[in-house]
Every structure is written in structure tokens, then in C-alpha cells.
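Everything below concerns the one structure shown next.
The values are calculated or read from the model by the stated rules, or taken from the named source; none is laboratory data. Note that the structure is a prediction, hence the values are computed from the model and not measured. Cβ: placed from backbone, ideal geometry, glycine included. Neighbour counts: every protein chain shown. To get the accessible areas, we keep the full protein, side chains included, count just its heavy atoms, and leave off ligands, DNA and RNA. Shrake-Rupley method; radii C 1.70, N 1.55, O 1.52, S 1.80 Å.
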Amino acid sequence: MDKQPMQLTPVQLERLALRRVRFTRPALWVQLVLLACLIVGPVVLPSFRVMDVMTKVMIFAVVAASYDLILGYTGILSLAHVTFFGIGAYSLALITFHSGHPAWYHLFLAMALAVGLSGVLAVALAFFSLRVKAIFFTMMSLAFAEFIFILGDQWHDLTMGEDGVSFGLPGVFSVNWSGGTILGAPLNGRLLTYYFILVASVLLFVGLVRFVRSPAGRVLKSVRDNEQRSTALGYKTFHYKVLSNVFGSVTASLAGVLFAMWLGYVNPTSVLGIPVMLNVLLMVIIGGMGTLYGSIMGAAFIQVAEAWLPDLQKLAAFLLPTVEVAQRLAERWILYFGILFILVVIFFPKGLVGTARDIIARRKLRLAQKNQ
Amino acid sequence: MTSQAATVGLQAQGGTDPRRLGVWIVSVGIWFLPLLWIDPTTYMVLTVAGLAMGMLIFLTASGLTLIFGLMDVLNLAHGAFFVWGAYVGFSLLKVLQAVGWVEGAGLGQSVGTVILCLLAALVVGGLLGIVLEKLLVRLTYGSHLKQILITMGASLILVEILKVVWSPNDEVVMVPAAFQGSWDIMDVIINKFRVVAIVVGLAVLTGIQLVLNRTKLGIIVRAGVENKEVVETLGYNIRRIFTGVFCAGAALAAVGGTMWSIFKEQIHPAMGEENLIFALIVVIIGGMGSVTGSFLGAIMVGLAFNYVAYTVPQLALGANIMIMAVILLIRPTGLLGKD
């Protein structure tokens with residue numbers, strides 16, 4: 001086909017190589033199987049708890065992946081990422097709650113509001129703090145996150161304070177809606193919401209993957225690896241950093257809208273709190289920074305742990321009914337998160353997917369050497 | 001050779017740059033502005049409260065800024081030291097209460113109580129700092145991301161252990177008898193413990209400045225802030241100095257925690273995190289690495305918080321973030337930060 005391969009840039013060559021193995025990569029099959037599991041999951045296992053965990057895994061995979069775009073691909077540590085997620089969640093909650101009667105256009109309005117608000121705030125935050133040093137951004141984002149949290153907590157007329165906002169969804173997404181049965185499974189609002197969230201989060205995730213592989217995504221990686229060099233090559237690195245920050249934040253806010261749809265209830269601690277931020281950070285670290293797909297594994301790990309770790313407490317109460325310290329220790333599962341956090345950072349800095357990729361790459365290299 | 005390092009350090013700290021003078025004048029002058037809408041008596045009360053709060057924030061922020069300036073470590077476990085100090089002081093306070101010192105009317109007993117509690121916090125905070133530095137922070141020099149993650153993880157662990165050892169609930173803290181209540185000077189009501197807070201804060205500021213400016217150790221630390229490699233080449237063990245500064249910073253945060261809990265008359269495990277936000281704002285405003293800058297920043301934040309909390313209560317923390325944004329717009333490196 002290409003008679004003059006010398007004229008192709010390294011990027012184009014890499015693309016060609018990728019395109020050739022597009023359908024034979026094992027990763028593709030893993031992705032398809034995962035997708036199939038998520039599609040048939042609620043039909044095969046009609047337990048609410050399982051469905052709940054699966055939905056949260058999908059949503060948080062998007063949040064963690066969008067965070068990975070900022071942290072792993074651009075090298076900026078933001079502590080306000082969940083704040084944008086919360087802004088999205090509150091957009092939907094407040095619009096449907098204050099309008100009294102949920103309608104279809106509220107959903108679109110909420111998405112538009114989430115995108116607009118988080119876009120503007122992300123630009124402002126980046127403009128104020130990215131100019132100086134990356135570490136400045138971390139501190140500023142922490143202060144910003146705290147500010148928005150206090151706003152959600154104190155602005156009682158708008159946000160109902162710490163009591164939170166509960167609201168209904170319009171039409172077929174409403175909890176009360178029921179449409180008979182399909183293939184033996186009851187078709188109801190919850191199930192439809194689940195599939196809506198599935199489609200939306202797959203779209204968002206694919207959007208992130210496309211963004212990372214776009215020319216802008218390549219520049220971002222170069223900024224992360226060597227900012228001076230990319231400046232010298234003529235890229236306005238500041239602009240790219242702002243772009244990645246805004247793209248990630250907007251995606252997170254859309255995931256927030258999905259989260260609010262699923263729960264039908266929003267309060268400051270569940271969508272704006274620092275602990276949620278730490279969870280997302282942990283998801284990215286466990287999955288592996290700069291891998292995007294790692295965030296799915298990280299989200300699955302954390303959500304499953306969060307759903308079933310409280311049972312540990314019951315176990316401790318059952319096994320050691322007299323030892324009070326053991327029960328107190330079992331109660332504090334954030335403690336184990338903290339320990340896990342440190343262990344992963346020190347001993348496993350590339351995370352699950354990063355380490356797996358390393359092993360595969362090493363094996364390929366060894367095979368290539370053997371063949372020579 | 002040593003004296004050369006010293007002069008480099010001195011020039012960076014001192015010097016009468018007209019721009020710096022301007023910064024000083026503006027940052028002092030602007031605080032008389034609230035007199036336009038707050039009557040003078042209330043203004044005085046708020047000012048004393050703000051100064052006291054500022055001094056206490058400074059205790060936490062000074063360690064944070066020194067650790068950042070010298071070691072280039074953003075220590076997010078600082079809030080954990082703060083809250084550990086608060087709980088250790090609180091426990092000792094309870095013990096002393098059982099002995100009868102806290103309710104005792106004598107000034108000596110009350111002063112003794114406060115000093116003992118602060119000492120206990122100082123020791124525990126310092127020890128925690130040494131352990132954390134030797135065990136974890138040491139592994140991560142040079143990588144900001146790892147430092148932030150590690151200190152954050154350490155902070156989670158420390159606060160959770162604290163919840164196991166003490167309790168996760170709010171508790172009331174007794175104020176030593178001699179410092180309860182307030183003085184009334186020409187209708188200006190001055191809470192007694194606020195004065196204590198101001199005294200302690202000024203004492204710590206003087207102490208830090210004396211150590212930094214008048215001792216050899218201070219010269220080495222300041223030179224280290226300027227240029228670590230040169231200090232190492234001159235034969236000083238910079239690692240040991242790192243540990244020392246980390247320990248001192250942690251101890252200061254712990255003292256700040258005890259003072260804060262008596263000041264607020266209550267204690268809860270999340271207070272470290274809340275105070276860390278204040279301290280971060282202060283460090284950003286003052287310029288990272290500058291102790292004087294963080295003192296100025298702390299006073300600004302304390303005063304602004306009180307004035308705004310009196311005028312529009314909901315906006316109090318927002319006002320601090322606004323100040324931070326404005327200062328960063330004018331000077332991206334903070335008030336006294338290096339360019």
C-alpha cells in the first residue's frame with residue numbers, strides 16, 4: 001500500500017500498526033466481555049444490591065478515567081475533581097427539585113448547566129493556579145473544593161444544606177414507572193435508568209479514550225513527560241493543561257448527573273466530600289495512572305470493597321464479641337484504605353493495568369530476543 | 001564558606017525593597033476599611049478575635065511553609081498532627097481536671113495547665129513528625145505526586161487511629177479557670193483566652209525568627225531553603241536537617257491543635273482537615289517558604305474571617321478564598337514568595 005513509508009510520521013506509523021491489530025488484540029475481547037456482562041448483568045442477577053454496585057462502578061469508572069486524564073496524562077494533581085462531579089449531581093437535583101414536577105427537558109437542562117458551570121469554574125481554577133507551579137494547583141483546588149462543599153452545606157435555601165435533596169425522575173426513568181416484563185424480567189424505571197447510565201457512561205468513556213489518542217492528547221503526554229521540551233517545540237503548554245483540565249472536569253460533571261439520576265438523592269457528603277475525592281484518587285492509583293482502562297478496575301475494586309466491607313464489622317462482632325478494640329478497628333475501614341493507599345504508592349506505583357502492561361511488554365521483548 | 005551561605009540567605013530574607021514596603025503598607029492599611037460599616041467597639045472585639053485566630057492559624061501554617069520551603073514537600077498530613085496535638089492536650093487537660101488544676105482559681109495553676117498541655121502536644125507531635133518523616137516521607141523526596149499521596153494516606157491513617165483511640169464524636173473542652181470569661185475595657189469585650197492565644201502566637205513567631213536569624217541552625221535551614229545542593233556541598237547533613245524541620249513543623253501544628261481546641265472549647269476528629277485548609281490558604285497567600293509571609297497571611301485570614309463572619313456569616317470562608325484569588329492575581333507567588 002504505502003510505497004514511501006519514509007514520508008509517514010512516527011505517529012502515523014504507530015496508528016497504522018495499531019489499526020492492523022485492531023480486531024485481534026486481546027484487550028478488545030476483554031472490553032467486549034465486560035460490556036456484555038454489564039448488559040446482561042441485571043437480567044441474570046436481579047438483585048438490587050448487585051445492580052447498584054454495577055451502576056456505581058460504571059459511573060465511577062468514568063469519574064476516575066476523567067481524573068486519570070488530568071492526573072495520569074497531564075501530570076496535574078487536582079483535589080477538586082469530585083467537586084465537579086458534585087456540581088453535575090447538584091445541577092440535576094436542584095433543577096428537578098425546585099421546578100416541582102420533573103419533566104424531560106430538565107434532564108437536558110441539567111446536563112447543559114453541568115457542562116457550562118463546571119467548564120467555567122474549571123477554566124477559572126486553572127487560570128488562577130496553573131500559571132505558577134503544578135503544586136500550587138493542588139493547594140488551590142483543595143481550597144476550592146472545600147469552598148464548594150461549604151456552599152453546598154450552608155446555602156440552605158438553595159441546596160437544603162446537609163439534609164440533601166431528594167427528587168423524582170421524569171417519565172420512564174421514574175421509580176414508579178412499570179412496563180410489564182421483557183424476557184421474564186420486570187421492566188421498570190430502575191432498569192431503564194440502568195441502561196441509560198450504561199450507554200451514557202460508555203459514550204463518556206469512549207470520548208475520553210478518543211481525547212487521549214487525539215493530537216491534543218499526545219501533546220498532553222509530552223507536557224507530562226517533559227514540559228520544557230514541549231514548550232521548546234512550540235506548544236503553548238498552559239493552554240493544553242487548561243484544555244485537559246476542562247475536558248476532564250466537564251466529563252466528571254456529566255458523570256455526576258448520571259449519579260444523581262441513579263440515587264435520586266444528593267447531599268454534600270456523598271458527592272462533594274473529600275472522602276469521595278480520596279476514593280476516586282485511590283481508584284486511579286490502584287488501576288494505574290495514565291492507563292484509562294485501569295480506572296474501571298480501580299472503580300470496581302473500591303465499589304465492591306465499599307459494598308461488602310461493612311460486613312467485616314459484623315464478622316468481627318461475631319468472631320470476637322468480647323474484644324472491643326477489634327470491633328472498633330473493624331468499624332474504621334477508611335484506616336485500611338489509607339494503609340492500602342500507602343502500600344500501593346510505594347510498592348505498586350504503576351497500578352494493576354500499568355504493571356500488567358509492563359509484564360506483557362517485557363515478555364514480548366524476551367520473545368523478540370529469542371527469535372533473533 | 002559558611003559565612004558566604006549566610007550572607008546569601010540574609011540578602012534573600014532582609015533588604016529594603018520598595019515593593020516589599022508597599023506590600024506591607026497596603027496589607028496593614030486595608031484592615032481599617034471595615035470601620036466604614038462596623039462600629040468601633042465591635043470592630044475592636046472582632047479585631048482581637050481575628051488576631052487570636054490568625055496567631056493560631058500561623059502556628060500550623062509556619063510549619064507547613066517551612067517544610068515546603070526547605071524540603072519541597074507539600075505535607076498534607078499536617079492536619080493530622082494538628083488534631084493529634086489537640087487530642088493529646090485534651091486528654092492531659094482531663095487528667096489535670098481530675099486533679100483539680102483546671103477549675104483551680106489560681107493563675108499559676110491555669111498557666112501551668114496550658115503549658116503542660118502544650119508541652120505534651122509538642123512532644124507527641126514532634127515524635128509523630130519524626131516517625132512519619134523517617135518512615136514514609138523519606139521514600140518520596142523529589143516526587144511531588146508521591147509525597148502528596150503518601151502524606152494524604154498517612155493523614156487518613158493517623159486520623160482513623162485517633163478515632164479508635166479516642167472517639168469519633170465531638171467533645172467539649174474545658175477552659176482553665178483563670179482564662180474563662182472576658183475583660184471589659186471601655187465597652188470592648190476581650191475574651192481572656194484570645195489574649196493568651198495572641199501571646200502564644202507572638203512567642204512562637206519570635207522564637208522561630210530568633211532561631212532562623214540568630215543561630216547557626218537557622219542559617220543552615222535558610223540556606224537550605226535557598227539552595228539545598230550548596231548546603232550539602234558545604235558538608236552539612238541535609239537529611240538530618242530535613243527530619244529536624246519536619247519534626248519542628250509537626251510539633252508546632254500539634255501545639256496549634258491544642259490551642260485551637262481550648263480556643264473553640266470543643267474538639268472533633270475532622271478539625272485537622274478544616275484547619276489544614278486555612279493553613280494552606282495562608283501559606284499560598286504568604287508565599288510558600290516564607291515564615292514572615294505566612295504570619296502576615298494568617299493575620300489577614302483571621303481578621304477577614306471575623307469581619308466577614310460578622311457582616312455576612314455564610315461568606316466567611318469564601319472571603320478567604322477571594323483574598324487568595326486577588327493576591328494570586330497581583331502576585332502569583334504570594335506576598336513574600338520568591339519569583
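Quick look at the numbers
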| read-out | value |
| --- | --- |
| Number of partner chain Cβ atoms within 10 Å, mean per residue of B:321-329 | 3 |
| Listing of the range A:110-132 residues, each with accessible area lower by at least 20 Å² in the full protein assembly than in the chain alone (probe 1.4 Å) | A:128, A:131, A:132 |
| Of A:14, A:146, A:306, the one that fluctuates the most in a GNM where chain A has Cα springs shorter than 10 Å | A:14 |
| Prolate/oblate/rounded call for chain B, Cα gyration tensor, a/c under 1.5 rounded | oblate |
| Local net charge near residue A:292, Cβ-Cβ under 11 Å (Lys/Arg +1, Asp/Glu -1) | +1 |
| Distance between modelled label sites at residue B:180 and residue A:366, nm, 7 Å Cα→Cβ extension | 7.4 nm |
| Cβ neighbours within 10 Å from other chains - mean over A:342-348 | 5 |
| GNM result for chain A, Cα springs below 10 Å: residue of A:281, A:220, A:151 fluctuating most strongly | A:151 |
| Linear extension gain, residue A:99 paired with residue A:158, 0.36 nm per residue minus alpha-carbon span | 20.0 nm |
| Rounded FRET efficiency, nearest 0.05, which uses the C-beta distance separating residue B:239 from residue B:20 and R0 of 22 Å | 0.10 |
| Accessible-area order (highest first, 1.4 angstrom probe) of the listed residues A:187, A:272 | A:187, A:272 |
| Protection-proxy order for peptides B:240-246, B:171-177, each taking the mean of Cβ atoms within 10 Å per residue, highest first | B:240-246, B:171-177 |
| Summed buried accessible surface, chains A and B, 1.4 Å probe, nearest 100 Å² | 3600 Å² |
| Shape call, the range A:240-283: gyration tensor on alpha carbons, a/c limit 1.5 | oblate |
| Two-site FRET efficiency, residue A:15 against residue B:169, from Cβ-Cβ distance with R₀ of 56 Å, rounded to 0.05 | 0.45 |
| Span-rule helices in chain B, defined as complete DSSP H runs reaching 18 Å or more along the axis (Cα) with Kyte mean at least -0.5 | B:40-71, B:78-99, B:107-135, B:144-165, B:192-214, B:238-264, B:271-286, B:291-311, B:316-330 |
| Listing of the range B:246-285 residues, each with accessible area lower by at least 40 Å² in the full protein assembly than in the chain alone (probe 1.4 Å) | B:277, B:280, B:284 |
| Helical segments meeting 24 Å axial Cα length and Kyte-Doolittle 0.0 threshold in chain A (DSSP H) | A:26-44, A:48-71, A:81-98, A:104-129, A:134-154, A:189-213, A:237-263 |
| Protein accessible area in the range A:170-319, 1.4 Å probe - carbon and sulfur % | 66 percent |
| Probe 1.4 Å, accessible area per residue of the protein assembly as shown, Å² | 46 Å² |
| Among A:359, A:274, A:70: highest mean-square fluctuation, GNM of chain A, C-alpha pairs under 10 Å | A:359 |
| 10 Å Cβ neighbours from other chains, averaged over peptide B:137-148 | 3 |
| Estimated FRET transfer efficiency when R0 is 35 angstrom, pair residue B:266-residue B:211 (beta carbons, to 0.05) | 0.60 |
| Burial of 30 Å² or greater, the range A:135-166 residues [accessible area, probe 1.4 Å, versus chain by itself] | A:135, A:136, A:139, A:140, A:142, A:143, A:146, A:147, A:150 |
| Prolate/oblate/rounded call for the range A:49-143, Cα gyration tensor, a/c under 1.5 rounded | oblate |
| Nitroxide proxy distance, nm - points 7 Å out along Cα→Cβ at residue A:30 and residue B:30 | 5.2 nm |
| Accessible surface of the range B:210-317 [probe 1.4 Å, protein heavy atoms]: carbon and sulfur percent | 58 percent |
| Dimensionless Rg/Rh of the protein assembly as shown - Kirkwood Rh, Rg from C-alpha atoms | 0.99 |
